[in-house]
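Q: Got a structure for you, questions after.
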Amino acid sequence: MSSTSTTSPAGSIATSPAEQTGARTDEAAALISGARERIDTLDDRIIGLVQERMAVSAVIQEARITSGGRRVNLSRETAVLGHYRDALGKPGTALAMTLLELCRGRV
């Protein structure tokens, strides 16, 4: 493992992969870098799914409002909260609340 830094042509300090990841070895740094790339890919997919969920929610809200109903169906939201809580525990409830907030009021 190298602990030296070099200066890039632009003048910024380039660090080793281990220093960039906080790992103590180059092997661990390589593992972390690969896992971070996978997380970035998953995050992009999650963002896409959230955007898709928002679009579907807008269709539902539009149909409900057009038919004379309310924008929000509280019993449905309670079911969504319970589903996320059951699957992910208490943090799942917070995640569901954020999703519901993102999906409300777009119509």
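The values are calculated or read from the model by the stated rules, or taken from the named source; none is laboratory data. In this text, all values refer to a predicted model and were calculated from it rather than measured experimentally. Glycine gets a Cβ as well: all are built from the backbone with ideal geometry, and neighbour counts include every protein chain shown. Accessible surface areas use protein heavy atoms only, side chains included; no ligands, DNA or RNA. Shrake-Rupley method; radii C 1.70, N 1.55, O 1.52, S 1.80 Å.
Q: Go through the range 52-77 and give me each residue that's surrounded by 11 or more Cβ atoms within 10 Å (Cβ to Cβ), among the polar types (S, T, N, Q) and either in contact with a Cys (Cβ under 6 Å, 6 or more places away or on another chain) or in a helix (DSSP H, G or I) (or both).
A: If the condition is that a residue be surrounded by 11 or more Cβ atoms within 10 Å (Cβ to Cβ), among the polar types (S, T, N, Q) and either in contact with a Cys (Cβ under 6 Å, 6 or more places away or on another chain) or in a helix (DSSP H, G or I) (or both), then Ser57, Gln61 are the ones that fit.
Q: Which residue is modelled with the highest pLDDT, if the candidates are limited to the range 15-36 and must be among the aliphatic types (A, V, I, L, M) and open to solvent by 40 Å² or more (accessible area, probe 1.4 Å)? Outline the logic, then answer.
A: At the first step, the residues of the range 15-36 found to be among the aliphatic types (A, V, I, L, M) are 18, 23, 28-32, 35.
After this cut, where a residue has to be open to solvent by 40 Å² or more (accessible area, probe 1.4 Å) as well, the list is 30-32, 35.
Numbers: Ala30: 92, Leu31: 93, Ile32: 93, Ala35: 96.
Selected residue: Ala35.
Q: Which residues, taken from the range 34-52, are under 10 Å from the mean Cα position of the chain (by Cα) and in contact (Cβ under 8 Å) with a residue 12 or more places away in the chain?
A: Taking the range 34-52 and keeping what is under 10 Å from the mean Cα position of the chain (by Cα), we get 39-40, 42-50.
Across the range 34-52, the qualifying residue is only Val50.
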